[in-house]
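Comments concern the structure below.
The values are calculated or read from the model by the stated rules, or taken from the named source; none is laboratory data. On a predicted model such as this, the values are computed, not experimentally measured, just so you know. All Cβ positions, glycine included, derive from the backbone under ideal geometry; neighbour counts span all protein chains shown. Accessible surface areas use protein heavy atoms only, side chains included; no ligands, DNA or RNA. Shrake-Rupley method; radii C 1.70, N 1.55, O 1.52, S 1.80 Å.
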Amino acid sequence: MIKTPKLDRVAPNLRSRDDVLRRPLGEWLLLLMLAALQFTVAVDFVIMMPLGPQLMRIFDINTPAFNLAVSAYAGAAGISGICAALFLDRFDRKMALLTIYGGFTIGTLFCGLAPTYVTLVLARALAGCFGGIVGGISLAMVGDLVPEARRASAMGTVMSAFSVAQVAGVPLGLYLADKLSWHVPFVALAGVSAIIWVFALIRLPRVRAHLAHSRAETALRRFAAILFNGDYLRALALMAVVTMGGFMIIPDLANYLVNNVGLNAEELRWVYLAGGAATLFTMNGIGRLADQFGRMRMFGIMMVCSMGAAFLITHLPVVPAVAAVAVSTLFMICITGRFVPAITMITSSVRPEHRGGFMSINSSVAQFSSAVAAAIAGLIIHDNSAHQLVGFGLVGWAYLGWAIVGLWLGGRVRTATGTQPELPVAEAA
């Protein structure tokens, strides 16, 4: 007789929690649409690097010239992200996203049609100007439309597009380039992007709740409100630290696995296929765990796990290919797993009227941080006479230091007030 009322009181609470975490169909459609946009941007960003040998041969350019073509995208994305922060929050999120994504589609098409090296560099810069902002607007829409209780798993769903790009998009692009021409992957990607743009026009909801506040501020005042807000700066610092830690290792990982560990080209392909396939599932799972048990708790767990994985991968000796694939897959799971709770905390730290501009700056911070991290790693790592990488282990030790700083910053990021969506996604459409 005494226990029954207690069970009756607990059961509704459990049911209420389950109801909150259950994602409605309209929200799933929103996330899948945003993930499709992110997929095309991710493929466009990463496809250049594996196309390097073919482009260097066709255009008769050296490695620094090819690196310029690659960095043109990231540099343009970083600059445009800062500039976009001045005006993005003054527009409906849907129309801003469609406009920016349309520019990205045109830039990608120009990449495919580029007849010379110079025009390719210019086209890459154009694609970067728009592509670097798409992610920020997409994540801002997630922050605006998805309730706080389901936001981490929603971020995991959208960000898993990068895993799909690694597993499916890049291998397919390389196959088209090998069988037909290097132009074909870019033209095909532009065609797919155009189709997604049409579906986004039809299906994405308008997001205008932030306009009343954002239009009451001038562009410079709003920009200053972002840059001089302590909570926002801590969130941006967290993004910088998390990005720099990973990108001190990632750019040279393939060379280390081939030259130091002894993998061949076929085995290296399995590294990225296995890692991408694994993160496709783990990013969603980590997001759900973050919603259930707390973002900071999951962020701390994944950061600690990434410290062990980073140390293992940067000190890996000559081992069988299966062991190398297993360790690199663990590394990719941990590295990407940090980003899901981190980007959720970062997005939730910003008020809706500043979220579009902030996320645009956040994308720029990520682009610049990755470039700085690669440069720092370049100062530490060098080749020996056998073309093996020397100093890669020191980069692993440096990552441990960055991870500790990231843990400290993560504990100081606070959720802003007024971050809940005003209208369910199913109704907003």
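Check the stretch 41-61 and report whether any residue there is open to solvent by less than 50 Å² (accessible area, probe 1.4 Å), over 30 Å from Arg150 (Cα atoms), modelled with pLDDT of 85 or more and of a type outside the set (Asp, Glu). Checked the stretch 41-61: at least one residue is open to solvent by less than 50 Å² (accessible area, probe 1.4 Å), over 30 Å from Arg150 (Cα atoms), modelled with pLDDT of 85 or more and of a type outside the set (Asp, Glu).
Only one of the numbered conditions (1) at pLDDT 85 or above; (2) in contact with a helix residue (DSSP H, G or I) (Cβ under 9 Å, 6 or more places away or on another chain) is not met by Met95, and that is (2). Of all residues in the stretch 104-131, those satisfying the criterion of being under 22 Å from the mean Cα position of the chain (by Cα) and open to solvent by 10 Å² or more (accessible area, probe 1.4 Å) are Thr105, Ile106, Ala125, Leu126, Cys129, Phe130.
Within the stretch 26-40, the set of residues being surrounded by fewer than 18 Cβ atoms within 10 Å (Cβ to Cβ) and at pLDDT below 85 comprises Gly26, Trp28, Leu29.
Residue check: Arg295 meets all listed conditions (1) out of contact with any Pro (no Cβ under 8 Å at 6 or more places or on another chain); (2) open to solvent by 20 Å² or more (accessible area, probe 1.4 Å) but one, namely (1).
Collect the residues in the stretch 144-161 that are under 15 Å from the mean Cα position of the chain (by Cα) and assigned to a helix (DSSP H, G or I), keeping them in residue-number order. Explain how you work it out, then say what you get.
Of the residues in the stretch 144-161, the ones under 15 Å from the mean Cα position of the chain (by Cα) are 152-161.
Correct list: Ala152, Ser153, Ala154, Met155, Gly156, Thr157, Val158, Met159, Ala161.
Taking every residue in the stretch 389-414 that is within 15 Å of Met244 (Cβ to Cβ) and pairing it with any residue that is charged (D, E, K, R) and at pLDDT below 90, at least 6 positions away or on another chain, yields no pair with a Cβ-Cβ distance below 6 Å.
From Ala254, Ala240, grab the single residue that is touching a helix residue (DSSP H, G or I) at 6+ places or on another chain (Cβ under 8 Å), open to solvent by 10 Å² or more (accessible area, probe 1.4 Å) and modelled with pLDDT of 85 or more.
Criteria check complete, one pass: Ala240.
Using the structure shown, decide if Gly300 is part of a helix (DSSP H, G or I), surrounded by 22 or more Cβ atoms within 10 Å (Cβ to Cβ), touching a helix residue (DSSP H, G or I) at 6+ places or on another chain (Cβ under 7 Å) and not aliphatic (A, V, I, L, M). It is false that Gly300 is part of a helix (DSSP H, G or I), surrounded by 22 or more Cβ atoms within 10 Å (Cβ to Cβ), touching a helix residue (DSSP H, G or I) at 6+ places or on another chain (Cβ under 7 Å) and not aliphatic (A, V, I, L, M). As for the stretch 349-367, it holds at least one residue that is open to solvent by less than 10 Å² (accessible area, probe 1.4 Å), among the hydroxyl-bearing types (Ser, Thr, Tyr) and in contact with a Lys or Arg (Cβ under 9 Å, 6 or more places away or on another chain).
From the list Leu86, Leu139, the one residue that fits, being open to solvent by 10 Å² or more (accessible area, probe 1.4 Å), in contact (Cβ under 8 Å) with a residue 12 or more places away in the chain and not in a helix (DSSP H, G or I), is Leu86. May I ask you to list pairs of residues, at least six apart or on different chains, whose Cβ atoms are under 6 Å apart, with the first in the stretch 320-345 being farther than 17 Å from Gly262 by Cβ and at pLDDT 90 or above and the second being β-branched (Val, Ile, Thr) and open to solvent by 30 Å² or more (accessible area, probe 1.4 Å)? From the stretch 320-345, the pairs are Ile333/Thr282. Out of Tyr272, Tyr232, one residue alone is crowded, with 21+ Cβ neighbours inside 10 Å and at pLDDT 80 or above. It is Tyr232. All conditions but one from (1) at pLDDT below 80; (2) over 15 Å from Ile250 (Cβ atoms) apply to Asn362; the one that does not is (1). Considered as a group, the residues in the stretch 257-269 that are surrounded by fewer than 21 Cβ atoms within 10 Å (Cβ to Cβ) and outside any loop (DSSP other than H, G, I, E, B) include one that is modelled with the lowest pLDDT, and that residue is Ala265.
Among the residues of the stretch 346-354, are any part of a helix (DSSP H, G or I), basic (Lys, Arg) and out of contact with any strand residue (DSSP E or B) (no Cβ under 6 Å at 6 or more places or on another chain)? Even if it seems obvious, please write down each step before you answer.
Applying the first criterion (part of a helix (DSSP H, G or I)) to the stretch 346-354 yields 346-348, 352-354.
In the following step, the residues that additionally are basic (Lys, Arg) were identified as none.
Within the stretch 346-354 (the criterion being part of a helix (DSSP H, G or I), basic (Lys, Arg) and out of contact with any strand residue (DSSP E or B) (no Cβ under 6 Å at 6 or more places or on another chain)), the answer is no, since none of the residues qualifies.
Would you call Ser370 modelled with pLDDT under 80 and over 20 Å from the mean Cα position of the chain (by Cα)? When the stated conditions are applied, Ser370 does not pass them.
State yes or no: is Ser181 in contact (Cβ under 8 Å) with a residue 12 or more places away in the chain and among the hydroxyl-bearing types (Ser, Thr, Tyr)? Even if it seems obvious, please write down each step before you answer.
Working: in contact (Cβ under 8 Å) with a residue 12 or more places away in the chain: no; among the hydroxyl-bearing types (Ser, Thr, Tyr): yes.
So Ser181 fails the test.
Screening Ala200 with (1) over 22 Å from Ala371 (Cβ atoms); (2) open to solvent by 40 Å² or more (accessible area, probe 1.4 Å); (3) of a type outside the set (Lys, Arg); (4) at pLDDT 85 or above gives one miss only, at (2).
Go through Ile286, Ile313 for me and flag whichever is under 21 Å from Asn260 (Cα atoms), in contact with a helix residue (DSSP H, G or I) (Cβ under 9 Å, 6 or more places away or on another chain) and assigned to a helix (DSSP H, G or I).
On the way: Ile286 fails: under 21 Å from Asn260 (Cα atoms).
Of Ile286, Ile313, the one residue that is under 21 Å from Asn260 (Cα atoms), in contact with a helix residue (DSSP H, G or I) (Cβ under 9 Å, 6 or more places away or on another chain) and assigned to a helix (DSSP H, G or I) is Ile313.
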